[in-house]
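Just below is one structure, and these are the notes that go with it.
The values are calculated or read from the model by the stated rules, or taken from the named source; none is laboratory data. All values derive from a computational prediction rather than experimental measurement. Positions of Cβ are generated from backbone atoms using ideal geometry, with glycine treated the same way; all protein chains shown enter the neighbour counts.
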Amino acid sequence: MPAVLIDGQTVSFKMEGQKILVDGREVNYEVIREEEDRLLVKIGDSVEEIIYSEKGEEIELLLSNETVRMEVLSDRDILLRRLESGGPAGHAHSEIKAPMPGLVVKILVADGERVKKGAKLIILEAMKMENEIRIASDSEVAEVLVHEGEIVDKDQTIMKLR
């Protein structure tokens, strides 16, 4: 299911006709009027004016005098964010898995090293882009299972944590 990043929080959504599924909850809507940078939308029983602008990959909405910044996430972005956050439930892993197939460009930690939440562990090149694999929470590297220059498969365990 597609997702958006809204003010730093990932939210799944799916549009189906006159309804949107937001994190599995159904929201009915109807576009009453659409202008260049404004929408008048009926959401449930209320009518809202939404002013929007696009800034690169980010969309900024002014809704009920509150600014909301959002970014549509690709499947790749979702996989990387899950890995960084410790997986779908947000809990720390005892294993770090490759979110995609790729080439291990650089290993930034060693066995036994203590790392803080958000620290870079490995740089993985996939589709000519370098992706930083980060730790979800404070931990200790138990074992690095790959070497620089090695090709890894999606979901291959590349590191174990304690």
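What the table shows:
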{"read-out": "Spans of strands (runs of 3 or more DSSP E) in the stretch 1-69 with at least 2 residues in contact (Cβ under 8 Å) with a residue 40 or more places away in the chain and either surrounded by 13 or more Cβ atoms within 10 Å (Cβ to Cβ) or of a type in the set (A, V, I, L, M, F, W, C) (or both)", "value": "3-6"}
{"read-out": "Pair list, Cβ < 7 Å and 6+ apart or interchain, from the stretch 137-153 residues that are in the same structural domain as Arg114 (by TED's automatic domain parsing) to residues that are among the polar types (S, T, N, Q) and not in a strand (DSSP E or B)", "value": "none"}
{"read-out": "Of all residues in the stretch 102-122 being among the small types (Gly, Ala, Ser) and not in a strand (DSSP E or B), the one that is surrounded by the most Cβ atoms within 10 Å (Cβ to Cβ)", "value": "Ala119"}
{"read-out": "So Val72, is it assigned to a strand (DSSP E or B) and within 16 Å of the chain's Cα centre (by Cα)", "value": "yes"}
